[in-house]
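Structure first, then comments.
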């Protein structure tokens, strides 16, 4: 018999109730992420509310004590993110309570998330399986020359609206799931560069405002040289400013390029899955597109 998640949770001397993330003022959501040291601006929260759904945990006087969101693509897949509670409330079961509410909404879907160190025990207890490390690379960047870098074959150009269908297709090949609506929303907020060979898009990188500055992602390419070719213009555009890239690439030419551009590894999170694993979504083959940088840790 399936048990419906409780609408409220007793924590010590007070109770929490569930609310919809859409119904909460942005400044209160912003205060929640600030309380755990996350860099999300109110604008970043608004973008996430436009592309996803979620719950908040509220106390008796309406204070926001926690959150959890999910982002669905097609009928069978969702990513989970923005799971926030204070460490104390997490030990008292608040995060698990929120996650079970999310499970009720995404039942039957394959799930993927990126777990902080503090949250890994929670997700393991919920039967998520570890996959790959995500390296959060960031810093005040400076442009570097191309000497010593393998040259990509093709021409790098600014992306335009007419390229969105090709971007969606390449993103789906790299990520393993078609994310047409999300990619369109990301494109609308981003500057993009693509690598074209004989008129065909073979790599791309989008860059948009986020957190302390800008984030580059998603980045999809077949090989390191192509990924570098489409990220390099963003580094040049933001030279002297804060830039961030979240990548599974911990070594190789792409990782070296990020480090030399003054984006060393700042932190790591762990990609975890429930249902299909990352390898199950991979196109496979030596010339298969790869997601070199995530759209964000929340979106994947």
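The values are calculated or read from the model by the stated rules, or taken from the named source; none is laboratory data. For clarity, every value in this text was computed on a predicted model and none was experimentally measured. Cβ atoms come from the backbone with ideal geometry, glycine included; neighbour counts cover every protein chain shown.
Summary table
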read-out: Filter result for residue 225 (modelled with pLDDT of 95 or more, out of contact with any strand residue (DSSP E or B) (no Cβ under 6 Å at 6 or more places or on another chain) and either assigned to a helix (DSSP H, G or I) or buried (at least 20 other Cβ atoms within 10 Å of the Cβ) (or both)); value: yes
read-out: Residue that is surrounded by the most Cβ atoms within 10 Å (Cβ to Cβ), among those in region 271-294 that are out of contact with any helix residue (DSSP H, G or I) (no Cβ under 6 Å at 6 or more places or on another chain) and within 21 Å of residue 33 (Cβ to Cβ); value: 294
read-out: Meets criteria (surrounded by 22 or more Cβ atoms within 10 Å (Cβ to Cβ) and either under 21 Å from residue 82 (Cβ atoms) or touching a strand residue (DSSP E or B) at 6+ places or on another chain (Cβ under 6 Å) (or both)) for residue 262; value: no
read-out: Single unsatisfied condition, residue 241 versus (1) in contact with a strand residue (DSSP E or B) (Cβ under 8 Å, 6 or more places away or on another chain); (2) in contact (Cβ under 8 Å) with a residue 24 or more places away in the chain; (3) under 30 Å from residue 276 (Cβ atoms); value: (3)
read-out: Set 18, 61: member being modelled with pLDDT under 95 and touching a helix residue (DSSP H, G or I) at 6+ places or on another chain (Cβ under 9 Å); value: 18
read-out: Selection status of residue 169, modelled with pLDDT of 95 or more, in the same structural domain as residue 197 (by TED's automatic domain parsing), outside any strand (DSSP E or B) and surrounded by fewer than 17 Cβ atoms within 10 Å (Cβ to Cβ); value: yes
